[in-house]
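Working notes for the structure below.
The values are calculated or read from the model by the stated rules, or taken from the named source; none is laboratory data. All values derive from a computational prediction rather than experimental measurement. No Cβ is skipped: glycine too gets one built from the backbone with ideal geometry, and neighbour counts run over all protein chains shown.
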Amino acid sequence: MKNTRGFSLVEALVAFGVIAVIGLLAALAVGSARSTSRDAVRLSNVRQIQVVMEQYFQNSSNYPAGDALPLGDMVESSCLGSGGFASSCSGMDTIYLRSVPGTLETGLSGQVVCGTPLRQAFCYSQKESGKAYSLSFELEHDIPYTDLKKGSNCALPEGLRPGLCP
């Protein structure tokens, strides 16, 4: 009677394969959760900007000036106050958003770019002589229960929609 201890080569290879598959699935799940979280932050930031834009409009009867303006840029648009977008809030009578959020660039494919030099951003433009605006933004995934899709999307005064801004 032979008493052997340990695993055979086949058993060791099977165990290694199972562990590798479980590790791969865990890595994919973590990566997907992170990109979904980044999209949630992007969408929250866009909605915050929309709320502030409506407050600005209520007080000044127009939306701030800007054409393909990268929001959250330290030089051009880190603050939104009574004078519109600016690099600083100093000297502004009213401050609507002391720190204008920019997009999280990680995971994006570069479908929405603006500024000089071109970079991935929330891209804001005043429309209709200040009576409307468009805010282009990019997502990594479709957002369930909304019309928003992976890639380019648009925020307008009337709401969010998939695709490029008009």
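Sort through ALA132, ALA65 and tell me the only one that's modelled with pLDDT of 95 or more and in contact with a Pro (Cβ under 7 Å, 6 or more places away or on another chain).
Checking each option against the conditions leaves just ALA132.
Return the total of residues in segment 129-162 being out of contact with any Gly (no Cβ under 8 Å at 6 or more places or on another chain), outside any strand (DSSP E or B) and more than 23 Å from GLY84 (Cβ to Cβ).
Here the count works out to 9.
From the set of residues in segment 34-66 that are within 16 Å of SER134 (Cβ to Cβ) and of a type in the set (Gly, Ala, Ser), which is surrounded by the fewest Cβ atoms within 10 Å (Cβ to Cβ)?
The residue in question is ALA65.
Taking the options LEU135, LEU139, LEU108, name whichever one is in contact (Cβ under 8 Å) with a residue 24 or more places away in the chain and in contact with a Lys or Arg (Cβ under 8 Å, 6 or more places away or on another chain).
Testing whether each residue is in contact (Cβ under 8 Å) with a residue 24 or more places away in the chain and in contact with a Lys or Arg (Cβ under 8 Å, 6 or more places away or on another chain) leaves just LEU139.
For segment 85-106, how many residues meet the condition of being over 19 Å from ASN59 (Cα atoms) and either among the aliphatic types (A, V, I, L, M) or in contact with a strand residue (DSSP E or B) (Cβ under 8 Å, 6 or more places away or on another chain) (or both)?
Counting residues in segment 85-106 that are over 19 Å from ASN59 (Cα atoms) and either among the aliphatic types (A, V, I, L, M) or in contact with a strand residue (DSSP E or B) (Cβ under 8 Å, 6 or more places away or on another chain) (or both) gives 8.
When you scan segment 84-105, how many residues do you find that are free of Cβ contacts under 8 Å to residues at least 60 places away in the same chain, crowded, with 16+ Cβ neighbours inside 10 Å and not in a strand (DSSP E or B)?
Qualifying residue count for the region: 5.
Looking at the structure I just gave you, is SER8 at pLDDT 60 or above, more than 27 Å from the chain's Cα centre (by Cα) and of a type in the set (Ser, Thr, Tyr)?
Yes: the conditions hold for SER8.
Can you name every residue in segment 106-128 that is part of a strand (DSSP E or B) and of a type in the set (A, V, I, L, M, F, W, C)?
Matches in segment 106-128: VAL113, CYS114, PHE122, CYS123.
Output the number of the condition that ASP147 fails; it satisfies all remaining conditions of (1) in contact with a Lys or Arg (Cβ under 7 Å, 6 or more places away or on another chain); (2) loosely packed, with under 15 Cβ neighbours inside 10 Å; (3) acidic (Asp, Glu); (4) modelled with pLDDT of 95 or more.
(4)
Residue check, ARG119 against (1) surrounded by 13 or more Cβ atoms within 10 Å (Cβ to Cβ); (2) within 19 Å of SER35 (Cα to Cα); (3) more than 12 Å from the chain's Cα centre (by Cα), all met but one. Which one?
Unmet for ARG119, out of (1) surrounded by 13 or more Cβ atoms within 10 Å (Cβ to Cβ); (2) within 19 Å of SER35 (Cα to Cα); (3) more than 12 Å from the chain's Cα centre (by Cα): (2).
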